[in-house]
Amino acid sequence: MEIAVLAIGDELLNGDQPDTNTAAIARLLGEHGLVLREAACVRDREEEIAPALSRLATTHQTVIVTGGLGPTADDRTTRGAARALGVPLSLDPVALQQIRARFQNWGRPMHPRDEKQALLPSRATVLPNPCGVAPGFHLRHPQGADLFFLPGVPDEMCAMLADSVLPRLLERAAQRPERAQQRLTVFGLPEPEVETRLEQAALPEGIEIAYTVDNSLVRVRLSASGPAAQQRVDRAEVAARRALEENLVALGDETMAGATARLLTAAGLTVALAESCTGGLIAKLLTDQPGASAFLERGAVTYANAAKTGWLKVPAPLLAKSGAVSGECALAMARGIRRAAGTDLGLAVTGIAGPDGGSPEKPVGTVFLALVTAEGERVEEFHFRGDRHRVRLRSACEALDWLRRQALGRLASQLAVGLES
């Protein structure tokens, strides 16, 4: 099946908003053996929407359109669709009832302008919006293409894609060849090294490999199509696990933080964090995970020296001698937060994220990470490149990796004890 996406919105082309919807659509389609063949993006202009839609409808069996269904004057997708198909707009009673019901459920008055969202091209079939106001709709192009129109709000779009669009696509593509894929997230290895290891891993024949670099992470997609596709991908995953070893941090949709949280919980470890240059980013990534209270006892953002001495009991003479950005300070911070919290692990980070504050001795990107446990202490100096955001994110990822490996070590020890008994 030839499938295309048309993303609509000035904000997508002027840099105000990234187009995350196209990636989400491609990901969901791929999970069900469907392939996105083309993606296009146009401004909120009726005279641009109509020809783009017509072009895609003549070369694809399905076009998924996102954005431009809202109540304001710059939402012009329905007009562009009507223009492309040469049909008028009319107030759809089903769409209007859905909009009114949504506001009633929210206990909010409906603004008169919201009625605009029920103006649909004639012959449109309404697609319910379970999360928001703007209904979607389906049209059949004269040349046979199915056109699905969805809101641009990502949560609404994803819900409607799964509920109203995907089942129809799967029904039409019932004879599609079997297709399977698995996604790997790798940390601590550069992309060329990941590729080299997988080339030497003797993956099964017919496995397609795609690489993407996301800041400090390398994401790998293993895919196959045809007979026994899932079995081949499963064998490829086993081979990749052996090749990448502990640098493989997550599988599928799981994030690095999600994998770290899962392992800490399984190992029964508790953690306390003391953050300076990351400003609570490590705690944020961990508490994004459901059930984080099982392992995270507390997190302290000790940015100023007064906070380090007051909350963490970092000795003032140590700060005067070594400075806040030093291995000595990071270790004292980790000791202090672990002592205060009574946790298994105390982790601390301090550094210079930039763009200012660096020196020849300690340039921007200098970061110290420290971990204190009952078994010992570890402190390490890093020099990360990039802007403030990249330095902070790389520091947080490194911290997550330390915690992840600590949990893996504990689980291995627990397994060994169980085998001995």
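The values are calculated or read from the model by the stated rules, or taken from the named source; none is laboratory data. Not measured: the values here are computed from a predicted model. Cβ sites come from the backbone with ideal geometry, for glycine too, and all protein chains shown count toward neighbours. Calculation scope for accessible area: heavy atoms of the full protein, side chains included, ligands and nucleic acids excluded. Shrake-Rupley method; radii C 1.70, N 1.55, O 1.52, S 1.80 Å.
Condition first: in contact with a Gly (Cβ under 7 Å, 6 or more places away or on another chain) and closer than 28 Å to MET1 by Cβ. Can you find one or more residues in the stretch 30-44 that meet it?
No, the conditions are met nowhere in the stretch 30-44.
Restricting attention to the stretch 245-268, which residues are buried (at least 23 other Cβ atoms within 10 Å of the Cβ) and touching a residue at least 40 places away in the same chain (Cβ under 8 Å)?
Residues satisfying the conditions are VAL249, ALA257, THR260, LEU264.
Taking the condition of being under 21 Å from VAL35 (Cβ atoms) and assigned to a helix (DSSP H, G or I), how many residues in the stretch 223-242 meet it?
Selection size over the stretch 223-242: 8.
Yes or no, residue by residue, for (1) closer than 22 Å to ARG390 by Cβ; (2) more than 26 Å from the chain's Cα centre (by Cα):
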residue	(1), (2)
ARG298	no, no
THR309	no, yes
GLY323	no, yes
ALA334	no, yes
ILE337	no, yes
ILE352	yes, yes
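If a residue must be open to solvent by less than 20 Å² (accessible area, probe 1.4 Å) and within 17 Å of ASP10 (Cβ to Cβ), how many such residues does the stretch 79-102 contain?
Qualifying residue count, the stretch 79-102: 1.
Using the structure shown, decide if GLY418 is in a helix (DSSP H, G or I) and out of contact with any strand residue (DSSP E or B) (no Cβ under 8 Å at 6 or more places or on another chain).
Judged against the criteria, GLY418 is a match.
Can you tell me how many residues within the stretch 139-175 are over 25 Å from the mean Cα position of the chain (by Cα) and free of Cβ contacts under 8 Å to residues at least 12 places away in the same chain?
3
Let me confirm something: among SER395, SER359, which residue is surrounded by fewer than 20 Cβ atoms within 10 Å (Cβ to Cβ) and either under 19 Å from LEU331 (Cα atoms) or over 26 Å from the mean Cα position of the chain (by Cα) (or both)?
None of the other options fit; the residue is SER359.
Run down VAL325, VAL271, VAL314 and say which single residue is open to solvent by 20 Å² or more (accessible area, probe 1.4 Å), at negative phi and of a type in the set (Val, Ile, Thr).
Among VAL325, VAL271, VAL314, only VAL325 is open to solvent by 20 Å² or more (accessible area, probe 1.4 Å), at negative phi and of a type in the set (Val, Ile, Thr).
When ARG394 is evaluated against the numbered criteria (1) in contact (Cβ under 8 Å) with a residue 24 or more places away in the chain; (2) closer than 19 Å to ALA272 by Cα, which criterion, by number, is the only one it fails?
(2)
Among the residues of the stretch 243-284 satisfying the criterion of being among the β-branched types (Val, Ile, Thr) and within 20 Å of the chain's Cα centre (by Cα), which is farthest from LEU28 (Cα to Cα)?
Top of the filtered list is THR278.
Return the residue satisfying two criteria in turn: it lies in the stretch 328-350 and is outside any helix (DSSP H, G or I) and either touching a helix residue (DSSP H, G or I) at 6+ places or on another chain (Cβ under 7 Å) or open to solvent by less than 30 Å² (accessible area, probe 1.4 Å) (or both), and of such residues it is farthest from GLY376 (Cα to Cα).
THR350
Which one of VAL165, VAL194 is of a type in the set (Val, Ile, Thr) and either modelled with pLDDT under 95 or closer than 30 Å to LEU85 by Cβ (or both)?
VAL165
Check GLU205 against each of (1) part of a loop (DSSP other than H, G, I, E, B); (2) of a type in the set (D, E, K, R); (3) within 16 Å of VAL35 (Cβ to Cβ) and name the one condition it does not meet.
With (1) part of a loop (DSSP other than H, G, I, E, B); (2) of a type in the set (D, E, K, R); (3) within 16 Å of VAL35 (Cβ to Cβ) applied to GLU205, the lone miss is (3).
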